[in-house]
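Since the structure comes first, as structure tokens, the remarks are kept for the end.
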2 protein chains.
Amino acid sequence: MLDAPNRDRNAERREATRREIVEAAWAIARESGLAELTLRDVAARVGMRAPSLYSHFASKNAIYDAMFGQAWSEYESSVLALEDALPEHPRAAAKQYGRHFFDFAVDDLPRHQLMNQRVIPGFEPSPESYAPAVRVLERAAANVRELGVTSEDDFAILIALIGGLINQHHANDPGGDRYAGLLDRAIDMWADAVGLPAEDPAPPSRKSAP
Amino acid sequence: MLDAPNRDRNAERREATRREIVEAAWAIARESGLAELTLRDVAARVGMRAPSLYSHFASKNAIYDAMFGQAWSEYESSVLALEDALPEHPRAAAKQYGRHFFDFAVDDLPRHQLMNQRVIPGFEPSPESYAPAVRVLERAAANVRELGVTSEDDFAILIALIGGLINQHHANDPGGDRYAGLLDRAIDMWADAVGLPAEDPAPPSRKSAP
DNA sequence: AGGCGCATCTAACATAGTTAGGAGAGTGCG
DNA sequence: CGCACTCTCCTAACTATGTTAGATGCGCCT
């Protein structure tokens, strides 16, 4: 039996190894794409053989789940940070939100792919790993409602619009910035339709942190 | 050497076999999903062994290409048929277009996946198989322009909007119809923004075939 | 009849994810 | 100290899948 301090130390080491594995997997995914991600390569990068990974993860899908869970978690943090820096004007805030979603998805292709779960045949994220993403959407919905948009449907349309531009960017213009340029125009269309007021020339910054 | 009639007959047989293989592949994809599509299963369904498929296709990706090429081709035909039945009112026509895109993508999940090419790691469609899809987009652009939309960007935004709703449908609401219901509202938003006139109460039908 | 082309076959290979079972290090108790 | 337990990692191997090599046999042309 292990006593308490040693149990803790072992748990830490385990966690560290798990993190190392997930980091290695992301490194490979970023360098060569998710399609090139093999357990043997991941294992090699952390100085192991493939079967040893099964001491830390139940399957390859469990590794995907950890990868995506980590990304969603970081995403949630970045959204929380964004909210503190959000301008006061509703339309400006909507645009900043939109640009944030877009940049996040575009800057880091493999991380975007997690939003389109069909990229990995047979993989379904676990509710736990997906939770931060759900919270982000709920927060975004709440924030958008606070801007004066009362309809869930209008919010869903905004999300669809941004998601669609992201997809088109990846399909037609990866590397370019045509669809990033369309984002402001698209959000303006949407803002007019839902009745957000026109933007001030010089928007002041808002919300000192509590 | 073969004389001309026999060469033709052989070519026909070859084409028939290719079609049979592609049909079998679609059947499996529809029943079990693209992830479950294996060459051994495809071959079994047409009464062959897997390596024999290589007499007709250079690789599994070549089979995907044929599958998607066929789907794009049928899609082009359905768009041509749609255009004859398009109502005269610009906003009504835009909605009918939008609903058509949406229904096509939603009714037949595996066929939709071809639009999101990232589903099959390592697969890129050939320009030839993809040509009908390009023509459909060009026709759609021309038709939308004819409705009075002069900006490529506004057209791109419409496409993004519809594509985004389709993606959300597949991700969040497969089987339901929430996003189908949002489509009209979304297209109305877009139509107002680009200045299409309000819809007539009773739109007459248009364009007898030439 | 003889020969050529071609679709199909069997056998096998390479690469994946995964499982079985054992070796060795660390830890705690007698 | 020595023994036993646990845990991580290992080697070996299995299975599934795309793919290649080479043989076989059928049909058509001369």
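The values are calculated or read from the model by the stated rules, or taken from the named source; none is laboratory data. The shown structure was predicted, so the numbers you read here are calculated from the model rather than taken from an experiment. Glycine also receives a Cβ, built like all others from the backbone with ideal geometry; neighbour counts cover every protein chain displayed. To get the accessible areas, we keep the full protein, side chains included, count just its heavy atoms, and leave off ligands, DNA and RNA. Shrake-Rupley method; radii C 1.70, N 1.55, O 1.52, S 1.80 Å.
For the reader, a short list of remarks on this structure follows.
- Label-point spacing at B:Glu36 relative to the other copies reads 3.2 nm, in ascending order, each point sitting 7 Å out from Cα along Cα→Cβ.
- Label-to-label distance for B:Asp41 and A:Arg13 is 4.4 nm, based on points extended 7 Å past Cα in the beta-carbon direction.
- For region B:8-59, trypsin sites (Lys or Arg not before Pro) are listed when DSSP marks them as loop and at most 14 other Cβ atoms sit within 10 Å of their Cβ; the list is B:Arg49.
- One chain, two ends: A:Ala180 and A:Ala81. Fully extended at 0.36 nm per residue, the span grows by 33.5 nm beyond their Cα-Cα distance.
- Computed accessible area, A:Phe101, all protein chains, 1.4 angstrom probe, square angstrom: 30
- Area buried, chain A against chain B - accessible surface, total, 1.4 angstrom probe, square angstrom: 2600
- When B:Glu128 is represented by a point 7 angstrom out along its Cα-to-C-beta vector, the spacings to that point in the other copies are 5.1 nm, nearest first.
- Size descriptor for region B:59-199, Kirkwood hydrodynamic radius: 15.9 Å (Cα pairs only, one decimal).
- For region B:13-107, the square roots of the Cα gyration tensor eigenvalues, ordered a ≥ b ≥ c, give a/c of at least 1.5 with a/b greater than b/c, which places it in the prolate category.
- With label points set 7 Å from Cα along Cα→Cβ, the inter-copy distances at A:Glu15 are 6.6 nm, sorted shortest first.
- 1.4 Å probe, heavy atoms, protein only - residues of region A:166-182 losing at least 30 Å² accessible area vs chain alone: A:Asn167, A:Gln168, A:Arg178, A:Leu182
- Chain A, rotation onto B, residue closest to that axis via Cβ, with its distance in Å: A:Gly164, 1
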